[in-house]
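> Sharing a structure with you now.
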Amino acid sequence: MLGGFNLYQYAPNGLTWIDPLGFAAIYDIGTYGSLNGKKHVGDNLQAHELIRHEYLKQQGLADKVRLASNPAIALDLDHHTRSPSKDSRGIGGVHYHEKQIRAEKGLGPNQFMSTIKEELDITSEALRRAGVPEKKIGILRGKAEKFYKKLSKC
């Protein structure tokens, strides 16, 4: 390797180069709608909402259609949906860990805690166990708390 700032031949300058196609990068934070928009087709990432849509439905705050403004994080399949046996890292994705945490609390997959704080504790811990950086979890949680407060008018 030649070294220097240009470690990758495809990026003219790793410090200033931007992605002209607008693909999301893993752990990018946005909204469910923005991370699932047409410009993100082909980025091989999926939007994961910290506040589950099913929870919002059960709270009477959403109907069948997902809320485009729900804060979300871009995750690859390993970090998002895979079990440890199918995850290339061997630790499992957020959905796997959320299911485990809910079971530890005596809950089924679509059973929820009584407060938003408890729900965010579960979904934040699932992100943590799946290997998402703590800083990203904190940012996403802050946005999710503001979103819920506005949505529920609490």
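The values are calculated or read from the model by the stated rules, or taken from the named source; none is laboratory data. Owing to the predicted nature of the structure, the values given are computational and were not obtained by experimental measurement. So basically every Cβ, Gly included, is an ideal-geometry build from the backbone, and we count neighbours across all protein chains shown.
> Given the residues Ala74, Ala144, Ala68, which is the only one that is assigned to a strand (DSSP E or B) and at negative phi?
Numbers: Ala144 fails: assigned to a strand (DSSP E or B); Ala68 fails: assigned to a strand (DSSP E or B).
Only one candidate passes the filter, namely Ala74.
> Look through Ala47, Ala24 and report the one residue that is modelled with pLDDT under 85, surrounded by 15 or more Cβ atoms within 10 Å (Cβ to Cβ) and either within 13 Å of the chain's Cα centre (by Cα) or more than 24 Å from Ser114 (Cα to Cα) (or both).
Ala24
> Restricting the first residue to the range 53-74 and requiring it to be closer than 17 Å to Glu118 by Cβ, which pairs with a second residue that is in a loop (DSSP other than H, G, I, E, B) meet a Cβ separation below 7 Å and a spacing of at least six or different chains?
Within 7 Å, the pairs are Glu54/Asn110; Tyr55/Phe112; Leu56/Ala62; Leu56/Leu67; Gln58/Phe112.
> Something else about it: Condition check: over 12 Å from the mean Cα position of the chain (by Cα), in a loop (DSSP other than H, G, I, E, B) and closer than 16 Å to Tyr148 by Cα. Does Leu56 satisfy that? Spell out the reasoning first.
Values: over 12 Å from the mean Cα position of the chain (by Cα): yes; in a loop (DSSP other than H, G, I, E, B): no; closer than 16 Å to Tyr148 by Cα: yes.
No.
> Something else about it: On the basis of being surrounded by 12 or more Cβ atoms within 10 Å (Cβ to Cβ) and at pLDDT below 95, does Arg102 make the cut?
The answer is no for Arg102.
> Let me confirm something: among Glu134, Glu145, Glu125, which residue is surrounded by 15 or more Cβ atoms within 10 Å (Cβ to Cβ), under 16 Å from Ile29 (Cβ atoms) and free of Cβ contacts under 8 Å to residues at least 60 places away in the same chain?
Sole residue among the options that is surrounded by 15 or more Cβ atoms within 10 Å (Cβ to Cβ), under 16 Å from Ile29 (Cβ atoms) and free of Cβ contacts under 8 Å to residues at least 60 places away in the same chain: Glu145.
> Next up: Restricting to the range 77-100, count the residues that are under 23 Å from Phe112 (Cα atoms), assigned to a helix (DSSP H, G or I) and charged (D, E, K, R).
2
> Under 7 Å between Cβ atoms, at least 6 apart or on separate chains: pull out the pairs that start in the range 80-92 with a residue that is at negative phi and end on any residue that is among the polar types (S, T, N, Q) and buried (at least 18 other Cβ atoms within 10 Å of the Cβ).
His80/Gln46
> Could you list all residues from the range 135-150 that are under 13 Å from Ser69 (Cβ atoms) and either at pLDDT below 95 or among the β-branched types (Val, Ile, Thr) (or both)?
The answer is none; no residue qualifies.
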